[in-house]
Each structure stands twice: as C-alpha cells, then as structure tokens.
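Every number in this text was worked out from the coordinates using simple rules, so none of it is lab data. If you're wondering where the values come from, they're calculated on a predicted model, not measured in any experiment. Backbone-built Cβ (ideal geometry, glycine too); neighbour counts: all protein chains shown.
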Amino acid sequence: GGFLIDFNVTFNLQAVKQNLIVECKCHGVSGSCTMKTCWKSLPPFRQIGDNLMKKYYRARAVAVRSTPQPGPRDTSSYPRRNRKMHLVLLKGRTVLKKPPKKSDLVYLQLSPNYCERDLAAGSLGTFGRSCNRTSRGIDGCDMMCCGRGYNTHQYMKTFQCRCKFHWCCKVECETCNERTEEYTCK
C-alpha cells in the first residue's frame, strides 16, 4: 500500500497546485499601479473538492508489478532487493502494459458497498439512518438510502418555547408541542 499512497499523495498535491489562483495588488500614489505584488493562493476549498470528486468517479484500477533489475553478478535469479516496483493499469482482469498518468487517481481494490452492512470492511450500511427527504445531496433520502426507499415516522416533539427573561435572574418558558416527521432508510 505505501507505493500506492505515495502515488495518490502526489496526485492530490498536483490537483491543488493546478487550481492555484494568482492574485495581485497594485501599489502606488493615488491608486496608480507603479508597483504590483502578486502571489499564488488556494481557490475556494469547494472548487478543489469538486475537481477531486470528478477524478474519484474516473479513478483507474491498477496492480503493483516488479521489474527485475540485473545486478552486477548474478543475472539468472534476481534478488528481491533488486526489483523496481511500478504500477500498471488494469482493464477488467487484463493487465495493460502502460502505467497510469500522474493525473489519474488510482486504486488497488474496489471500495466496499457502503449501502450494505459489511463489518469486515467497517461499514454498518445505511439501514435505519436518518435522511433528508427534500435534499438532493449526500444527506438526501434518495442517495443515502441507496435507492431502497425510506420510512416516515411521525411523532410529537416537546420543547421549550416563548422564553422570557424576568428581572433579576430568572427565565421562564412555555412547553410547546409540534408534530414532526423523521425519515429513515429502509
């Protein structure tokens, strides 16, 4: 895994570098630009995250291979220390001869199915998880529940409301009830 981690760390650093923004500020009398100072700064974090997410969805499967490096003495059997590790792209079960590009995000194994319970992979699944019925994001019931649908639970929520501060040093509240709905994944 260390070799692959190094590859992906380099990939992530490259992704940040490619998104750097050049900002400049002018200096001079009465707003003239007799001297200009420029620097590189990070774009909004969201922009970097969106770019990485696009790469994630196009990630490439790889395998680690070793190439024998002939030593000065014995060329018939190559000791392990004289082998060079490198990544090769996979297409299905076929090993392609070419290495991944530096701009590729790569993986050795498919991610576990986080929709289903898989304790060996550390996933509890999404059954029973709360979701947002109106959201189209990752917290939305459509995505969170992996297309299985969701249950609607209605209940009365009791909370303190219409609180008032009375001089000195006392807060009095009424107790309010509200019918509310909660949505959980099937």
* To do: Could you look through segment 53-67, keep only residues that are part of a strand (DSSP E or B) and without any contact (Cβ under 8 Å) to a residue 24 or more places away in the chain, and pick out the one that is surrounded by the fewest Cβ atoms within 10 Å (Cβ to Cβ)?
  => T67
* Any idea which of (1) closer than 22 Å to L52 by Cβ; (2) surrounded by 11 or more Cβ atoms within 10 Å (Cβ to Cβ) is the one N132 doesn't satisfy? -> (1)
* Structure fact -> Of the residues in segment 6-48 that are small (G, A, S) and surrounded by fewer than 10 Cβ atoms within 10 Å (Cβ to Cβ), the one that is nearest to M85 (Cα to Cα) is S41
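Those residues that are part of a loop (DSSP other than H, G, I, E, B) and either under 17 Å from the mean Cα position of the chain (by Cα) or without any contact (Cβ under 8 Å) to a residue 12 or more places away in the chain (or both), I need them from segment 117-151; list them, please. Lay out the reasoning, then the answer.
Looking only at segment 117-151, we keep the residues that are part of a loop (DSSP other than H, G, I, E, B), and these are 117, 122, 124-129, 133-139, 145-149.
Passing the criteria: R117, G122, L124, G125, T134, S135, R136, G137, I138, D139, G147.
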